[in-house]
Structures are given as structure tokens and as C-alpha cells.
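The values are calculated or read from the model by the stated rules, or taken from the named source; none is laboratory data. All values derive from a computational prediction rather than experimental measurement. Reconstructed Cβ throughout: ideal geometry from the backbone, glycine too, with neighbour counts over all protein chains shown.
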Amino acid sequence: MTLGDALAAATARLAEAGVESARLEAELLLARACDDCARALLYAELHRELSAEQEAAFEANVSRRVQREPLAYVLGEWGFRRLTLKTDQRALIPRPETEIVVERALEHIRDEADPEVLDVGTGTGAIALAIADEHAGARITAIDASPEALALAQENRELTGVNGRVDLVEHDLTAGLGRSQFDLVVSNPPYVEPDDLPTLQPEVRDWEPHVALVASGATEEVARAATEALRPGGWLVLETAAGTGERIQELLQELGYERVTITPDLAGRDRVVEGKWKS
Ligand SMILES: C[S@@+](CC[C@H](N)C(=O)[O-])C[C@H]1O[C@@H](n2cnc3c(N)ncnc32)[C@H](O)[C@@H]1O
């Protein structure tokens, strides 16, 4: 089979399965299935023949995607800030809006030599590892209630080479977050309401861990627990569900946080709420 035929057939199958960017994803899957395909696609050598091995690998990847398994799980890795993280069903796929969370978090520790940071619900380790990667002195404690997610975060920690500065700890946020020791608490907690789960895309609803998606009140819980965990003058940076920014902003103000602001994501939706714990 030629690259061109493989691409056309896969694009049709993915489109039929309801995948939005079918051609682009078919190209990415083809590039993954064989080392030299990416270059061939770039130069449009679509008449080239795939080897039997390459064809089998491509077929396997396309079949997974046809089942609406997320592209990041099929590829097994995904870009986040400057890192390439391993991704699989053990944890949520890091999202572009969470890169804004990291941006805001870094802003508050930029001038500190060795800030103590707590990442609540670390998943793949995305936020913790990106902060460690982009702030040479930061020391991060990253907690998660899911041992599966922590195992993946550990693999990512090895890959990203920030070993000495990120501690991964199995811990449930409902047990509290410690006392007055952190310069920054950052979190992208689960925030899908249970009733909204059926409305999500199949890639999310059927493949990503529900413990990473669904919770009522986890955002509020982090905001409350962080009042104990932050040192006076430390910062809380929270990713919030679209449409809840103002409510979380008010909660932070009621709890005693100062300089509370909302940052929108690239689509203009309220996404990140942050505040400074009173000095
Ligand atoms: C939305 S995911 C965020 C993952 C990662 N920080 C990111 O932004 O890609 C939420 C994470 O919180 C964890 N989690 C859910 N409930 C928790 C709890 N009560 N205590 C600690 N972690 C929890 C989940 O296992 C999941 O990894």
C-alpha cells in the first residue's frame, strides 16, 4: 500500500468515526507508524510503498483512534510547555489552558531563589514538572490521590530530568495540605459536575480517568486548604471550570485572599483564578 492510499483510507475511517481533524490526525498517526513517513509526507512522496510492518503499525494506531481513544494516548506522548510528557490512561492529558496556569504560577515565584511549591492533583506531573523545568531553584511537592497517576508522573519525572526537585506523594486533598510552608499552591483540580459527564466528548468521557475529571467542590476545597498551607504572602493559582471564575474569585475574597484576579484562556473564557494569601 502506498502512503497516499493509506492516508486517504485512514482519513475516511477517522472522519466516519466522528474525528474532527481526520486528515491531520491520519498524518500524525502515519508519521508515528514509520520513521521515514514524516519526511515523505513533508515532501509529498505519497506514491512510496509502506513496508508490511509499517502498514500493520499504522492500522493498529488508526483502529485505536477510530474507537475514539484520544490521540495523545495512541501516540503515547504529548507536548506541554517545553516538555514532552508520556501520556496514557492512568492520567488526564495535559491541556493547553493548563499551560496558562503554569505561566501565572511562574510569575509569582520568578524573583524567589528556591520557592517551595505544592501542586495539588498532579496527574501526569505536568504542572509540577513544567515549573521545575522553568524555574531552576523551585522545589515542588506534587500530590495526587491516584497511585496510577503518580506512577505515570514518576516516569515523566525520570524523563524530564528534574528528579531532585520534585517529590511525588500519594495524598488526598481532603486530609488537608499542611501548614504555612508553601510559597505557592497551584492546582488544576477535577471540576466536571457529575451530571455533565454524559455531555463530554467520547475521548474524554470514555477514556480519561473519571477521578481526574469529575468532582463537586474540589476547587473550593483546594482554596480552603491552601489558607493553611500557604505562608503569609504566598500565592494560590487555580485552574477553574469555564463559567465559574467569578464565583471562585468571590470565594477567594471571602476566605481572605488579596489581589484576586481572573485570567482568561485563549478562547476568552475565565480559566485561572489566583490570589495572595494575607501577609
Ligand atoms: C484535572 S486532573 C489534573 C492533572 C494535572 N495537574 C494536569 O493539569 O494535567 C486532576 C487530578 O487530581 C487528582 N485528584 C482528584 N481528586 C483528588 C483528591 N481528593 N486529592 C488529591 N488528588 C485528587 C486526580 O487523580 C487527577 O490526577
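Quick look at the numbers
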item: Residues that are part of a loop (DSSP other than H, G, I, E, B) and surrounded by 14 or more Cβ atoms within 10 Å (Cβ to Cβ), drawn from region 2-21; result: 17, 19
item: Hits in region 1-50 - residues which are among the basic types (Lys, Arg) and touching a residue at least 12 places away in the same chain (Cβ under 8 Å); result: 13, 23, 32, 48
item: Residue count for region 78-94, restricted to those that are out of contact with any strand residue (DSSP E or B) (no Cβ under 7 Å at 6 or more places or on another chain) and touching a residue at least 24 places away in the same chain (Cβ under 8 Å); result: 9
item: Test for residue 180: is it at pLDDT below 95 and assigned by TED's automatic domain parsing to the domain that holds residue 118; result: yes
item: Strands (runs of 3 or more DSSP E) within region 191-279 that include 2 or more residues touching a residue at least 40 places away in the same chain (Cβ under 8 Å) and of a type outside the set (Asp, Glu); result: 230-239, 270-276
item: Extreme residue, surrounded by the most Cβ atoms within 10 Å (Cβ to Cβ), among residues of region 71-87 that are within 13 Å of the ligand (Cβ to nearest atom) and in a loop (DSSP other than H, G, I, E, B); result: 87
item: Conditions (1) free of Cβ contacts under 8 Å to residues at least 24 places away in the same chain; (2) away from the ligand (no atom under 11 Å from the Cβ); (3) farther than 27 Å from residue 76 by Cβ; number of the one not met by residue 175; result: (2)
item: Residue in region 192-210 that is outside the structural domain of residue 19 (by TED's automatic domain parsing), more than 14 Å from the ligand (Cβ to nearest atom) and touching a strand residue (DSSP E or B) at 6+ places or on another chain (Cβ under 6 Å) present; result: no
item: Among the candidates 216, 187, residue that is within 13 Å of the ligand (Cβ to nearest atom), of a type in the set (Gly, Ala, Ser) and touching a Leu at 6+ places or on another chain (Cβ under 7 Å); result: 187
item: In region 258-276, the residues that are over 14 Å from residue 186 (Cβ atoms) and touching a strand residue (DSSP E or B) at 6+ places or on another chain (Cβ under 8 Å); result: 258, 259, 260, 261, 262, 264, 265, 270
